[in-house]
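The values are calculated or read from the model by the stated rules, or taken from the named source; none is laboratory data. The shown structure was predicted, so the numbers you read here are calculated from the model rather than taken from an experiment. Every residue, glycine among them, receives a Cβ derived from its backbone with ideal geometry; neighbour counts consider all protein chains shown.
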Amino acid sequence: MDKWKLEPAHDLGLPLGKRLRSLQRESGLISTGFHLAWWTLVRGYLAAWHRLRIVGREHLPARPPFVLVGNHASHLDALVLASPLPWRLRDHVFPIAAGDVFFETPLATTFAAGLLNALPMWRKKCGPHDLHVLRERLVEEPAVYILFPEGGRSRDGKMMPFKPGLGMMVAGTSVPVIPCYLDGCFEALRPNERFPRPRKLTVHIGPPLRFDNAPNTRQGWTQITAEIEAAVKSLAPSEDKPVVS
């Protein structure tokens, strides 16, 4: 039998502000308690206010690592996409959030890291090193990522082109990517609104995609991105569904 190998936490010794913004942040007992309490409230809210429905739950892998990918039209999206996941994975689920939105102020950082367990992606200064760190953590921890490859919220409810960063994370790995389509989030909370409307939400979950043989090159990243984008679009009940006021 292999001996236990104890290693210090990767964020050990970092000041609180840097630890909360670190891509290698780890959960402790207190943060685990916050995660469980927060997601209990979120699940109750989504069920009562939005009558959340999950279609295709059987496509979710039983254990990590894997990546959930969806369209992005609302600040509700990460909450909705994480809701089908089991409680035992809560400390291993990391929404990848825009650093310039969710990690700019101490209050926003505390909320994003302490409750959402989000990891920052700085859109204007994200380099290959950050993507490499995320790729390593995804495979080695293992972890579950929630990712919106459009790079920002849609302003009209329609999907924007996916960016190739996701391809850099999964090319040549056995990590499954789960395409998802979120229906109703734009109508429930549009970009210029502060309070959600009581609109019905549905998550459509598709079969896993794997890219073990995809080359970890620019061409491979582009191919992966195009395949995932097409899979997400195929799950939409109606790709050009009109937006109802």
Counting only residues that are surrounded by fewer than 24 Cβ atoms within 10 Å (Cβ to Cβ) and either under 16 Å from the mean Cα position of the chain (by Cα) or assigned to a helix (DSSP H, G or I) (or both), which one in segment 118-127 is modelled with the lowest pLDDT?
123
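Looking only at segment 174-193, decide whether some residue is closer than 12 Å to residue 74 by Cα, among the aliphatic types (A, V, I, L, M) and either at pLDDT below 95 or touching a helix residue (DSSP H, G or I) at 6+ places or on another chain (Cβ under 7 Å) (or both).
yes
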Hey, among 186, 195, which residue is more than 19 Å from the chain's Cα centre (by Cα) and among the hydrophobic types (A, V, I, L, M, F, W, C)?
195
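Rundown of residues vs (1) small (Gly, Ala, Ser); (2) on the phi > 0 side of the Ramachandran plot; (3) out of contact with any strand residue (DSSP E or B) (no Cβ under 6 Å at 6 or more places or on another chain), yes/no style:
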position	(1), (2), (3)
56	yes, yes, no
61	no, no, yes
70	yes, no, no
79	no, no, yes
83	yes, no, yes
98	yes, no, yes
106	no, no, yes
Could you tell me which residue of segment 1-47 is modelled with the highest pLDDT, considering only residues that are hydroxyl-bearing (Ser, Thr, Tyr) and exposed (fewer than 14 other Cβ atoms within 10 Å of the Cβ)?
40
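Residues checked against (1) part of a loop (DSSP other than H, G, I, E, B); (2) touching a Cys at 6+ places or on another chain (Cβ under 7 Å); (3) surrounded by fewer than 20 Cβ atoms within 10 Å (Cβ to Cβ):
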{"residue": "49", "(1), (2), (3)": "no, no, yes"}
{"residue": "64", "(1), (2), (3)": "yes, no, yes"}
{"residue": "67", "(1), (2), (3)": "no, no, no"}
{"residue": "72", "(1), (2), (3)": "yes, no, no"}
{"residue": "89", "(1), (2), (3)": "no, no, yes"}
{"residue": "108", "(1), (2), (3)": "no, no, yes"}
